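In what follows, a single structure is set out as structure tokens and then discussed.
The values are calculated or read from the model by the stated rules, or taken from the named source; none is laboratory data. Since the model is a prediction, treat every value here as computed from it, not as a measurement. Cβ sites come from the backbone with ideal geometry, for glycine too, and all protein chains shown count toward neighbours. All accessible areas refer to the heavy atoms of the entire protein, side chains included, with ligands and DNA or RNA removed. Shrake-Rupley method; radii C 1.70, N 1.55, O 1.52, S 1.80 Å.
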Amino acid sequence: FRGEALPSIGAISRLSIASRPRSGETDAHIIRIEGGKKYPPEPTALSGGTRVEVRDLFFATPARLKFLKSPQTETSHVKEVIERLSMAYPDISIRLRSEERMLFSAQAQTGDLWQARLKRLGDVMGRDFADNALKIEAQRDSVRLTGYAGLPTLNRGTSSEQYLFVNGRPVRDKLIIGAVRGAYADFLA
């Protein structure tokens, strides 16, 4: 999540971004955008880091409202995006609430990147995955592949829990999914 969607999110919700450097004596500030209207930065209380908060998503009717699905469907899509982003960045705390219900919460992982990744993957996909995952690390020419793969004994009937990232961004690519399927072809039906 690198910020490209923030103007669109701000146009249809109540968006606030509070930030303060982790070190130094700098004060924290917050920027608010409500239905596309931007307010000037204000001082706020924040111990360090950045907090992005989105409330009342779609309160300002988007031009494509007729293309939205039910609130439950749209919420599940948002949850999926949040889970994917949390897997890509295990060093960041992330929470998702909807109508005062906590839908997803993961604390920032510290220490060794491999252990942090595995812990976060376990938070999202369950302890079974974390207990049955193999570390993958390979490099050929200028391409580097890292991550975790489940043992063939831990499998699903669909590719719904295949999560792929390119340069820290979640992707869904049929060619890459086909390559993963091909790699498991001798082990799984």
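This table checks each residue for (1) touching a strand residue (DSSP E or B) at 6+ places or on another chain (Cβ under 9 Å); (2) over 30 Å from Leu134 (Cα atoms).
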site: Glu34; (1), (2): yes, yes
site: Pro43; (1), (2): yes, yes
site: Thr50; (1), (2): yes, yes
site: Val54; (1), (2): yes, yes
site: His77; (1), (2): no, no
site: Ser93; (1), (2): yes, no
site: Glu99; (1), (2): no, yes
site: Ala108; (1), (2): yes, no
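Restricting attention to region 18-54 and to residues that are out of contact with any Leu (no Cβ under 8 Å at 6 or more places or on another chain), within 21 Å of Leu85 (Cα to Cα) and not hydroxyl-bearing (Ser, Thr, Tyr), the residue that is modelled with the highest pLDDT turns out to be Arg51. Arg117 satisfies every condition listed in (1) surrounded by 13 or more Cβ atoms within 10 Å (Cβ to Cβ); (2) closer than 29 Å to Ala11 by Cβ except (2).
Listed by first and then second residue, the pairs linking a residue in region 164-182 that is under 17 Å from Arg84 (Cα atoms) and polar (S, T, N, Q) to a residue that is assigned to a helix (DSSP H, G or I) and open to solvent by less than 40 Å² (accessible area, probe 1.4 Å), with Cβ atoms under 8 Å apart and 6 or more places separating them unless they lie on different chains, form an empty list.
For region 162-189, taking the residues that are in contact with a strand residue (DSSP E or B) (Cβ under 8 Å, 6 or more places away or on another chain) and assigned to a loop (DSSP other than H, G, I, E, B), the one that is most open to solvent (accessible area, probe 1.4 Å) is identified as Arg172.
Can you list the strands (runs of 3 or more DSSP E) found entirely within region 10-107 that contain at least 1 residues being open to solvent by 50 Å² or more (accessible area, probe 1.4 Å), more than 30 Å from Phe165 (Cα to Cα) and not hydrophobic (A, V, I, L, M, F, W, C)? Quick ask: steps written out before the conclusion?
Working: elements: 14-20, 28-34, 42-44, 49-55, 94-98, 101-106.
Because the criterion is at least 1 residues that are open to solvent by 50 Å² or more (accessible area, probe 1.4 Å), more than 30 Å from Phe165 (Cα to Cα) and not hydrophobic (A, V, I, L, M, F, W, C), the strands (runs of 3 or more DSSP E) in region 10-107 that meet it are 28-34, 42-44.
Being among the aliphatic types (A, V, I, L, M), in contact with a strand residue (DSSP E or B) (Cβ under 8 Å, 6 or more places away or on another chain) and open to solvent by 50 Å² or more (accessible area, probe 1.4 Å) is the filter; apply it to region 139-161 and report the residue that is nearest to Met87 (Cα to Cα). By that ranking, first place goes to Leu145.
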